[in-house]
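Notes follow the structure.
The values are calculated or read from the model by the stated rules, or taken from the named source; none is laboratory data. Keep in mind that what you see is a predicted model, and the values were worked out from it rather than measured. Glycine gets a Cβ as well: all are built from the backbone with ideal geometry, and neighbour counts include every protein chain shown.
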Amino acid sequence: MSKIKISELFYSIQGEGRYMGVPSVFLRTFGCNFTCDGFGMPKGEKSNERHIVASSAKGYQQYRDLPLVNSGCDSYASWDPRFKHLSPFLTTDSIAEAIVNTLPYKEWRDEHLVITGGEPLLGWQKSYPALLAHPLMKNLKEITFETNGSQKLKPELLDYLTMWQWAKEGREVTFSVSAKLSVSGEKREKAIKPDVVAQYEKAGHAYLKFVIASEEDGQEVLEVVKLYRDAGFKGPVYVMPVGGVESVYKMNNRNVADFAMKHGLRYSDRLQVPLFKNEWGT
């Protein structure tokens with residue numbers, strides 16, 4: 001029986017991108033190939049906040065007790081091994097049951113499934129067909145994989161997602177690709193994979209989503225988008241303000257919106273920040 005290590009499973013609204021405002025179940029898997037310690041830091045510096053929290057990691061027994069961070073990855077506990085005790089291995093049967101139990105009517109209606117992380121395409125690709133094939137998931141119509149765009153789809157998952165969409169009218173798979181700029185602290189050769197993202201379009205709809213903190217970041221967006229276009233990527237491009245907490249987020253949301261209008265890109269809010277203060281489980 002397939003199992004997935006789950007960091008969080010909760011019901012909320014999608015705060016970003018194409019499905020912003022849509023009621024959604026979020027399935028957050030454990031593990032990532034990036035740390036993104038550069039977010040919110042001066043160029044070239046890395047955040048130490050998660051390390052400070054991790055110094056007492058064993059004292060936390062649930063995600064909701066963890067502090068939010070002002071810099072670095074705002075979902076740090078979903079991949080940092082020092083917090084792995086908060087993320088159990090669950091069978092796909094138990095995950096399907098837990099997902100449906102979070103829905104307001106205990107069945108799929110107009111809700112959306114968001115599979116996120118960490119990086120959800122890193123270690124669990126073989127388990128997703130078993131989860132989606134579960135009888136409790138039969139009325140699900142829309143899935144988004146929130147990915148950093150560095151992991152190719154395995155042939156088995158690519159074939160399954162293609163079949164899943166054909167099997168029932170109205171079904172759609174989306175890949176929300178949060179490609180990491182240099183502001184994240186990740187190196188371009190590891191973070192920007194145009195051929196990988198072009199592959200996602202074979203399995204469904206895909207779009208790029210960039211976090212911007214400065215005009216310099218914006219210029220980098222324009223530069224790397226060209227790389228994706230040259231590789232054959234055809235989807236839309238969103239830009240978003242940086243900030244996992246409201247004070248940081250409010251500093252540059254208008255500037256990012258102005259940048260989007262100037263260059264014909266799509267602006268995405270981050271509704272989870274002003275609405276829920278980006279708390280765990282929202």
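Quick check, is SER78 surrounded by 16 or more Cβ atoms within 10 Å (Cβ to Cβ) and of a type in the set (S, T, N, Q)?
yes
If only one of ALA198, ALA213 is among the small types (Gly, Ala, Ser), crowded, with 21+ Cβ neighbours inside 10 Å and within 24 Å of GLU16 (Cα to Cα), which one is it?
ALA213
Got at least one residue in the stretch 87-99 being in a loop (DSSP other than H, G, I, E, B), touching a residue at least 60 places away in the same chain (Cβ under 8 Å) and surrounded by fewer than 19 Cβ atoms within 10 Å (Cβ to Cβ)?
There is at least one residue in the stretch 87-99 that is in a loop (DSSP other than H, G, I, E, B), touching a residue at least 60 places away in the same chain (Cβ under 8 Å) and surrounded by fewer than 19 Cβ atoms within 10 Å (Cβ to Cβ).
Has the stretch 117-130 got any residue that is over 19 Å from the mean Cα position of the chain (by Cα) and surrounded by fewer than 16 Cβ atoms within 10 Å (Cβ to Cβ)?
For the stretch 117-130, residues over 19 Å from the mean Cα position of the chain (by Cα) and surrounded by fewer than 16 Cβ atoms within 10 Å (Cβ to Cβ): absent.
How many of the residues making up the stretch 181-198 are touching a strand residue (DSSP E or B) at 6+ places or on another chain (Cβ under 8 Å) and either at pLDDT below 95 or part of a loop (DSSP other than H, G, I, E, B) (or both)?
Residues flagged as touching a strand residue (DSSP E or B) at 6+ places or on another chain (Cβ under 8 Å) and either at pLDDT below 95 or part of a loop (DSSP other than H, G, I, E, B) (or both) within the stretch 181-198 amount to 3.
Suppose the filter is outside any strand (DSSP E or B) and within 21 Å of SER47 (Cβ to Cβ); does LYS202 pass it?
no
Mind listing whichever residues of the stretch 52-82 are touching a helix residue (DSSP H, G or I) at 6+ places or on another chain (Cβ under 9 Å), without any contact (Cβ under 8 Å) to a residue 60 or more places away in the chain and in a helix (DSSP H, G or I)?
Of everything in the stretch 52-82, those that are touching a helix residue (DSSP H, G or I) at 6+ places or on another chain (Cβ under 9 Å), without any contact (Cβ under 8 Å) to a residue 60 or more places away in the chain and in a helix (DSSP H, G or I) turn out to be VAL53, ALA54, ALA57, LYS58, GLY59, ASP65, TYR76, ARG82.
Are any of the residues in the stretch 140-158 touching a His at 6+ places or on another chain (Cβ under 6 Å) and either part of a helix (DSSP H, G or I) or of a type in the set (Asp, Glu) (or both)?
Yes: one or more hits.
Among the residues of the stretch 205-215, what is the count of those that are assigned to a strand (DSSP E or B) and either farther than 14 Å from PHE175 by Cα or in contact with a Cys (Cβ under 7 Å, 6 or more places away or on another chain) (or both)?
Final tally of qualifying residues: 2.
Contact list please: Cβ distance under 8 Å, first residue in the stretch 219-236 and loosely packed, with under 14 Cβ neighbours inside 10 Å, second residue among the small types (Gly, Ala, Ser) and assigned to a helix (DSSP H, G or I), pairs at least six apart or on different chains.
So the pair list comes out as GLY232/ALA198.
So VAL173 passes all but one of these: (1) touching a His at 6+ places or on another chain (Cβ under 8 Å); (2) assigned to a helix (DSSP H, G or I). Which condition number does it fail?
Failing condition for VAL173: (2).
Six or more apart or on different chains, Cβ under 7 Å: which pairs go from a residue in the stretch 151-171 that's more than 19 Å from TRP124 (Cα to Cα) to one that's outside any loop (DSSP other than H, G, I, E, B)? Could you list them?
GLN165/GLU172; GLN165/VAL173; ARG171/TRP164; ARG171/GLN165
Does the stretch 162-182 include one or more residues that are surrounded by fewer than 22 Cβ atoms within 10 Å (Cβ to Cβ), within 20 Å of the chain's Cα centre (by Cα) and more than 29 Å from LYS3 (Cα to Cα)?
yes
Please go through the stretch 1-60 and pick out each residue that is under 30 Å from LEU140 (Cα atoms) and aliphatic (A, V, I, L, M).
Those that are under 30 Å from LEU140 (Cα atoms) and aliphatic (A, V, I, L, M): MET1, ILE4, ILE6, LEU9, ILE13, MET20, VAL22, VAL25, LEU27.
What number of residues in the stretch 100-116 are surrounded by 15 or more Cβ atoms within 10 Å (Cβ to Cβ) and aromatic (Phe, Trp, Tyr)?
1
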